[in-house]
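Participant: Structure below; questions to follow.
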Ligand code: NAD
């Protein structure tokens, strides 16, 4: 502990232990009288916090409460999160974080990350140096333009990097002082925020083009200078910037885009597990994506890479993936197709009705990443069950309100045949006497472990081989018992074990590809495990 004493300790969330300071500590640290006399055990303290948490009326209030706790007592927050991960994760991340971002202006208490706005151009290095922690290893950055499936929330998007980084700590043990949430504020196109007197960001239309690119370039350069070996995760950028920035920076910095690459990895892991249930092979699948954005094309790209590595010709692998976007089937003839969709455009007459498209392809799997609720209609689900003994149905859009169908709809309309996963959590469903536990294709299975591996061995890059390896590692951790219940991801209770296994696999890739700056330890797993923060 530092040489600080008294109120300074209680005010520092990294040092404060609240009512669990022992009598001896209270004497030595000059805390006597600053705390109520009763000394609590950690269990008693956790019990009190948990009962306060559960007593709140809404999840948004729980979110605010947990944020307050993080601001007071970091260890307690993470211990609570880790020991109650299934209950806490939906409160600190999706779906609650979506609501929190929408209400950020009114629930704001303290800035939990750094804000960089257009007005800071030319000063980003100084701003990064203002951050109190100097050994930062992971940054999550957003510009708030595509928050979950909720659209442009401008600087209120801060909830996303804050939430994602708390998952790095809870799930993979990256020390909280080594994480830095950043929001880059270039304005917003959200009319509500532009008119809201409580909005906390720049109240102007988004700046695009050269000024935007220059701000990002300055940020990337400054971040790598101020924090050597930094891993930079891009999060919830709109797709016209996300693809472009990824392509530009992925070979120049240790960076990845979680919406594209993390999602791809977790969805591919889900497909591998689902194939253990359906008995199919990846190259035999007909994948129909609802949504041709970052998530959809990211998943398809990684699936194609996996098939190609298994010896399937690329053209054949690409033809296994069909896309529906807001204009209907993505076909070759369509004018003005965005670059990320071009590779997947199929040689087919235009079709716009989703049911018609399902009938034309007869997919083995439908993957919902459109942000549009109710797109997996009753008719589509019934067709899926007609074409497949075990149809794969992934309704991945977040938050829960945007999911393409609910777990219940998936099981009921397919007569219990669906192998289902969602982006936000759904409760188990009992149908015809059988209880199905829906899998949650949560990116938190992937990015914390990938990040831990990268940071631990000081990898200079993060690449698709690492995400493919992570997907395979995750799928292998799903047990037969999980599959029997319909769950194609392991229980979140195993998350630390999952993250460690992924970190080791990713670190192996970094060594194999000559990307790691850390000398190879004799026991890689023990080396990485020793770096994990235990609250
Ligand atoms: P995006 O904006 O890049 O792409 C959205 C796509 O949906 C676009 O191609 C758009 O044309 C298409 N679309 C819009 N309306 C449609 C409709 N009615 N039918 C079919 N397609 C339509 O967004 P994204 O990053 O790809 O994210 C999409 C959704 O996936 C979001 O809700 C996000 O929360 C979710 N997501 C889930 C996970 C996960 O479960 N692990 C991970 C990432 C993203």
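Participant: Filter region 357-377 down to residues that are out of contact with any strand residue (DSSP E or B) (no Cβ under 8 Å at 6 or more places or on another chain) and within 10 Å of the ligand (Cβ to nearest atom), then give me how many there are.
Facilitator: Adding up the residues that qualify gives 3.
Participant: Being surrounded by fewer than 18 Cβ atoms within 10 Å (Cβ to Cβ), outside any helix (DSSP H, G or I) and out of contact with any helix residue (DSSP H, G or I) (no Cβ under 9 Å at 6 or more places or on another chain) is true for just one of 26, 109, 32, 4. Which residue is that?
Facilitator: 4
Participant: Given 98, 71, which one is closer than 30 Å to residue 491 by Cα and surrounded by fewer than 17 Cβ atoms within 10 Å (Cβ to Cβ)? Talk me through it step by step, then tell me what you get.
Facilitator: Values: 98 fails: surrounded by fewer than 17 Cβ atoms within 10 Å (Cβ to Cβ).
Residue meeting the stated conditions: 71.
Participant: Further, regarding this structure: Pull up region 77-87, narrow it to residues that are surrounded by fewer than 23 Cβ atoms within 10 Å (Cβ to Cβ) and in contact (Cβ under 8 Å) with a residue 12 or more places away in the chain, then point me to the one that is nearest to residue 41 (Cα to Cα). Spell out how you get there, then give the answer.
Facilitator: The first filter runs over region 77-87 and keeps only residues surrounded by fewer than 23 Cβ atoms within 10 Å (Cβ to Cβ), leaving 78-79, 82-87.
Okay, now just the ones that are also in contact (Cβ under 8 Å) with a residue 12 or more places away in the chain, so 78-79, 82-86.
On the way: 78: 16, 79: 13, 82: 18, 83: 16, 84: 18, 85: 21, 86: 24 Å.
Looking at residues that are surrounded by fewer than 23 Cβ atoms within 10 Å (Cβ to Cβ) and in contact (Cβ under 8 Å) with a residue 12 or more places away in the chain, I get 79.
Participant: Do we find that residue 471 is surrounded by 20 or more Cβ atoms within 10 Å (Cβ to Cβ), within 15 Å of the ligand (Cβ to nearest atom), modelled with pLDDT of 95 or more and under 20 Å from residue 95 (Cα atoms) in this structure? Explain how you work it out, then say what you get.
Facilitator: Numbers: surrounded by 20 or more Cβ atoms within 10 Å (Cβ to Cβ): yes; within 15 Å of the ligand (Cβ to nearest atom): yes; modelled with pLDDT of 95 or more: yes; under 20 Å from residue 95 (Cα atoms): no.
No: the conditions fail for residue 471.
Participant: Hey, can you tell me all the residues within region 404-426 that are more than 16 Å from the ligand (Cβ to nearest atom), part of a loop (DSSP other than H, G, I, E, B) and touching a helix residue (DSSP H, G or I) at 6+ places or on another chain (Cβ under 8 Å)? It would help to see each step written out before you state the result.
Facilitator: Within region 404-426, the subset more than 16 Å from the ligand (Cβ to nearest atom) is 408-409, 411-418.
From the residues that got through so far, the ones that are part of a loop (DSSP other than H, G, I, E, B) too are 414-418.
Matches in region 404-426: 414, 415, 417, 418.
Participant: Let me ask you something else. Does any residue of region 318-339 turn out to be touching a residue at least 40 places away in the same chain (Cβ under 8 Å), away from the ligand (no atom under 14 Å from the Cβ), buried (at least 16 other Cβ atoms within 10 Å of the Cβ) and under 30 Å from residue 437 (Cβ atoms)?
Facilitator: no
Participant: Within region 444-454, is there a residue that is part of a helix (DSSP H, G or I), in contact with a strand residue (DSSP E or B) (Cβ under 6 Å, 6 or more places away or on another chain) and modelled with pLDDT of 95 or more?
Facilitator: yes
Participant: Examine region 247-258 for a residue that is within 13 Å of the ligand (Cβ to nearest atom) and at pLDDT below 95, and state whether such a residue exists.
Facilitator: There is no residue in region 247-258 that is within 13 Å of the ligand (Cβ to nearest atom) and at pLDDT below 95.
Participant: What number goes with the only condition from (1) more than 16 Å from the ligand (Cβ to nearest atom); (2) free of Cβ contacts under 8 Å to residues at least 40 places away in the same chain; (3) part of a helix (DSSP H, G or I) that residue 193 does not pass?
Facilitator: Only one criterion in (1) more than 16 Å from the ligand (Cβ to nearest atom); (2) free of Cβ contacts under 8 Å to residues at least 40 places away in the same chain; (3) part of a helix (DSSP H, G or I) is unmet by residue 193, namely (2).
The values are calculated or read from the model by the stated rules, or taken from the named source; none is laboratory data. For clarity, every value in this text was computed on a predicted model and none was experimentally measured. Glycine also receives a Cβ, built like all others from the backbone with ideal geometry; neighbour counts cover every protein chain displayed.
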